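**Student:** So that we are looking at the same thing, I have put the structure below in structure tokens.
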Amino acid sequence: MHPVVANAWELTLTAYFIVKWLIRAWALFVVPVNRKPTSALGWLMVIMLFPVFGLILFSLIGSPKLPLKRRTEQRLMDNLVRDAVRNAAKEPRLKPLLLPEIPEVYQPFETLAENLGGLPAFAGNEVELMPEYGAVFKRLKTDVDAAERFVHLEFYIICWDTLTNPLFLALAKAVQRGVKVRILFDPVGSRKYPGYDLLVKRLEALGMQVHPMLPVHLRRKDFTRPDLRNHRKVGVIDGKIAYTGSLNLITRNYHRRDDIIYDELVVRATGPVVAQFEAIFLTDWHAETGRILSVKNDPEVQIDLTRTGKSLLQVLPSGPGSETENNLKLFVALIHAARRQITIVNPYFVPDESLMVAITSAANRGVRVRMINSAVSDQFLVSHSQRSYYDQLLAAGVEIYLYRRPILLHSKTITIDEATAVIGSSNFDMRSFTLNMEVTLLAYDPAIVRQLHQIENQYLARTDRVEPEAWARRKRLARLLDNLARLTSAVQ
């Protein structure tokens, strides 16, 4: 080798050696900061073994938070909402609804949720639980047909297909009679479904205002981790009616090529709590468009705070725009407080240590804990990962039920004793706790809990219970896949 080439090669190797160790040293100071030990250890292992690759990967997906600017705007909107609630509550008619007396049993959770998400519990609401997939679209279309001022839709997935066609045509007719229709959707969640390339143009041509949520920004000051997603499902009509739950705007089989179809649960709410769902939509609309919708400039967005029922309800937003893992903290607190019974319905269960401790300790102290998952899955790694936790859950006395194939139970609910119900978009996995923007409805109402118990019993009738002895006899290859898949949840 020519001496000049040899020297250049030697200098390159020396520089690479120095850079590798500088990266490793940098990682020790940066990676563990405000990060869970398991996550920090996972990242450090990657960076120590593959310094350059690890640094690039960490730069892309190392932070589970939205940019500082976006989080600052979130806090600004939270403060505006708080001020609006306080000002509205000065009216004697509204004070019992917006600042009600909270029963003692609910006070810790109401305070926790308000401190995390900025929204207090509102009284005077009515809730309808809708577990039938097609019925939700018919009811939503009926409400859109009756809309007079605005329709706001925020959904992770939207798709114009045979099931959603009547709804989108109803939205088009609403625009023609002067109703403002605004739609937020997640482009990553929606992109893989038929007609996506023309979807936005088609909706805009009909007069709707449509914006994607969390588009990827590569500029340094606006850089957004590409796998952060807005997973919320919210609909608000005329400030009088709100929808939320697990349902996306798509046909029941999600255009899959296999035989999997989905069961969902949706809440239709009326009363003052609708204002909380509208606040979430307005916050996300501002974040994506830069425009704050206000009654002064957009008179159609007035909210009806009329009492429609007796339920005490509260909405908790969560996600990478918040400083903490709001939904995880709430779920852990509720489970620790349970005294008699917990039922968790969720398709994806990949908990962190705090949630696992809460669930198993509840079972250990005599609380009946039931968890309903699905026998089929649409996510390979999540499916195997969640099954790696079953041994520990079964050993603690948790009852596990698997919804029979080919239906995937996509509902996301929790009931605590006979007092509290939780319904929303959040899965029981680290993606929903850390990377996804989610929305959760808390119902502090035994009547709603009883209704949800009836739906849970319908679910249980379609399940098979996982027996500890049979589960222990699983094949070694299945156990290996489960435990290897579990490792992927560490690097978040």
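The values are calculated or read from the model by the stated rules, or taken from the named source; none is laboratory data. Keep in mind it's a predicted model, so treat the numbers as computed, not measured. Because the Cβ atoms are built from the backbone with ideal geometry, glycine has one as well, and the counts that use them run over all protein chains shown. Accessible surface is based on the protein model in full, side chains and every heavy atom, while ligands, DNA and RNA are left aside. Shrake-Rupley method; radii C 1.70, N 1.55, O 1.52, S 1.80 Å.
**Student:** Restricting attention to the alpha-carbon atoms of the range 248-332, what are Rg (one decimal) and Dmax (integer), both in Å?
**Tutor:** Cα radius of gyration and Dmax of the range 248-332 are 17.1, 50 Å respectively.
**Student:** Would you mind estimating how fast the range 281-374 diffuses translationally, via Stokes-Einstein at 25 °C and 0.890 mPa s with the Kirkwood radius over Cα pairs, in µm²/s?
**Tutor:** Values: Rh = 16.9 Å.
Answer, rounded: 145 µm²/s.
**Student:** Which angle from 0 to 90°, rounded to the nearest 10, does the C-alpha axis of helix 326-337 make with the longest principal axis of the chain?
**Tutor:** So the helix axis and the longest Cα principal axis differ by about 80 degrees.
**Student:** Let me ask something else about it. Please state, as a whole number in µm²/s, the translational diffusion coefficient that the Stokes-Einstein equation yields for the range 13-147 at 20 °C and 1.002 mPa s, with Rh defined as the Kirkwood radius across alpha carbon pairs.
**Tutor:** Answer, rounded: 105 µm²/s.
**Student:** Can you give the translational diffusion coefficient of the chain in µm²/s, computed by Stokes-Einstein from the Kirkwood radius over Cα pairs at 37 °C and 0.692 mPa s?
**Tutor:** On the way: Rh = 24.0 Å.
Roughly 137 µm²/s, to the nearest whole number.
**Student:** Using a 1.4 angstrom probe, figure out how much accessible area the chain has per residue, in square angstrom, rounded to the nearest whole.
**Tutor:** 45
**Student:** Calculate the length of the line joining the C-alpha centroid of the range 369-395 to that of the range 120-177, in whole Å.
**Tutor:** Here the two parts' Cα centres lie 32 Å apart.
**Student:** Hey, another quick one. LYS475 versus LEU57, label points 7 Å from Cα toward the beta carbon: distance in nm?
**Tutor:** Calculated label separation equals 2.9 nm.
**Student:** Roughly what % antiparallel, to the nearest 5, for the DSSP beta bridges in the range 293-451? Provide the component values of the computation, followed by the final result.
**Tutor:** On the way: 20 of 32 bridges.
Approximately 60 percent, going by the DSSP bridge assignments.
**Student:** How much of the DSSP bridge set in the chain is antiparallel, in percent, rounded to the nearest 5?
**Tutor:** 60
**Student:** Right, next: Consider just the alpha-carbon atoms of the range 193-276 and return their Rg together with their Dmax, both in angstrom.
**Tutor:** So, for the range 193-276, Rg and Dmax equal 16.4, 44 Å respectively.
**Student:** Give me the Kirkwood hydrodynamic radius of the range 87-225 in Å, from all C-alpha pairs, to one decimal place? Kindly include the intermediate steps, with their values, before the conclusion.
**Tutor:** On the way: mean 1/r = 0.0544 Å⁻¹.
Hydrodynamic radius (Kirkwood, Cα pairs) of the range 87-225 is 18.4 Å.
**Student:** Let me ask another. If you count the DSSP beta bridges with both ends in the range 126-253, what percent of them are antiparallel, to the nearest 5?
**Tutor:** 45
**Student:** Can you give me the Kirkwood hydrodynamic radius for the range 382-472, using every pair of distinct Cα atoms, in Å to one decimal? Provide the component values of the computation, followed by the final result.
**Tutor:** Values: mean 1/r = 0.0672 Å⁻¹.
One over the average 1/r among Cα pairs gives 14.9 Å for the range 382-472.
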